[in-house]
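**Student:** Sharing a structure, written as structure tokens. Questions coming.
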Amino acid sequence: MQFYVFTIVFEVLMVGYVWLFGLRARGKSLREIIGGKWNSVAAVLLDIGISLLFGLVVLFVLGALRYALGANPDAIRAIKALSPRSGFELFAWLLLSSTAGFCEEVLFRGYLQRQFLALTTRVEVAVALQAIVFGAGHLYEGWKGAVSIVVYGAMFGGLAVMRKSLRPGMLQHAGYDSLVGFGAFLLNKYDRWPVSLF
């Protein structure tokens with residue numbers, strides 16, 4: 001619970017910092033960084049559909065990558081250590097997942113990716129650099145986990161570029177993290193943890 005609360009507060013403070021000292025100081029808004037508009041039910045449903053389709057692509061790509069890299073017991077240990085064990089912790093995990101979906105997409109695919117684009121003037125370099133920074137924050141999952149997260153971050157970056165919006169990525173990110181937490185909760189409940197994913 002302490003980790004969940006700390007992470008939620010830290011991510012919200014980071015978005016606040018970026019908004020106050022990065023965006024607001026230059027006359028930009030979070031809405032501009034997020035992009036896209038939900039001005040109709042159809043627009044919301046379209047982004048939900050894109051996030052679901054993107055989620056299937058993510059599962060395929062990350063599954064193939066994890067299979068190619070081989071077993072990663074570090075990731076299992078990390079997920080097991082951080083996973084919810086009670087109903088209240090599961091609720092907190094879902095709140096954390098929603099916060100991560102919003103905040104991490106704003107920070108990495110919204111702000112950092114734009115900063116790297118301004119520095120390099122090359123979209124593919126900006127996507128790659130933000131993905132590397134994103135992956136570095138997941139080194140607790142071991143190098144194989146971090147490599148997978150770099151690819152995951154690059155996929156989010158590409159989606160943001162194609163859609164000119166962070167909304168589908170936010171939905172997918174929050175949904176994926178929520179499912180991982182719910183799955184880990186069930187594994188804890190029934191004590192069925194695998195040694196490795198592959």
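The values are calculated or read from the model by the stated rules, or taken from the named source; none is laboratory data. A quick note: this is a predicted structure, and the numbers were derived from the prediction, not measured. Note that each Cβ is placed from the backbone with ideal geometry, even for glycine, and that neighbours are counted across all protein chains shown.
**Student:** Considering only the stretch 81-127, state which residues are of a type in the set (D, E, K, R) and within 16 Å of residue 177 (Cα to Cα). Give the derivation first.
**Tutor:** Our first condition is that a residue be of a type in the set (D, E, K, R); within the stretch 81-127, this holds for 85, 89, 104-105, 109, 114, 122, 124.
Within the stretch 81-127, 85, 89, 104, 105 meet the criteria.
**Student:** Counting just the residues of the stretch 1-57 that are exposed (fewer than 12 other Cβ atoms within 10 Å of the Cβ) and β-branched (Val, Ile, Thr), which one comes out nearest to residue 78 (Cα to Cα)?
**Tutor:** So the residue we want is 9.
**Student:** Could you say which residue among 122, 163 is in contact (Cβ under 8 Å) with a residue 60 or more places away in the chain and basic (Lys, Arg)?
**Tutor:** Only one candidate passes the filter, namely 163.
**Student:** Moving on. Would a scan of the stretch 29-38 turn up a residue that is in contact with a Lys or Arg (Cβ under 7 Å, 6 or more places away or on another chain), touching a residue at least 24 places away in the same chain (Cβ under 8 Å), over 18 Å from residue 163 (Cβ atoms) and in a helix (DSSP H, G or I)?
**Tutor:** Taking every residue of the stretch 29-38 in turn, none turns out to be in contact with a Lys or Arg (Cβ under 7 Å, 6 or more places away or on another chain), touching a residue at least 24 places away in the same chain (Cβ under 8 Å), over 18 Å from residue 163 (Cβ atoms) and in a helix (DSSP H, G or I).
**Student:** Inside the stretch 47-80, can you point out the residues that are assigned to a loop (DSSP other than H, G, I, E, B) and not polar (S, T, N, Q)?
**Tutor:** Hits for the stretch 47-80 are 70, 71.
**Student:** Only one of these conditions is not met by residue 84: (1) in contact with a Gly (Cβ under 8 Å, 6 or more places away or on another chain); (2) surrounded by 15 or more Cβ atoms within 10 Å (Cβ to Cβ); (3) part of a helix (DSSP H, G or I). Which number is it?
**Tutor:** (3)
**Student:** Here is a further query. Which residues, counting only those in the stretch 99-116, are closer than 14 Å to residue 32 by Cβ and aliphatic (A, V, I, L, M)?
**Tutor:** Within the stretch 99-116, 106 is the sole residue that qualifies.
**Student:** Still on this structure, please answer the following. For the stretch 90-198, which helices (runs of 4 or more DSSP H) that fit wholly inside it have 2 or more residues that are closer than 16 Å to residue 62 by Cα and at pLDDT below 95?
**Tutor:** 142-163, 167-190
**Student:** Here is a follow-up. Scan the stretch 58-76 residue by residue and report those that are of a type outside the set (A, V, I, L, M), farther than 14 Å from residue 147 by Cβ and buried (at least 17 other Cβ atoms within 10 Å of the Cβ).
**Tutor:** none
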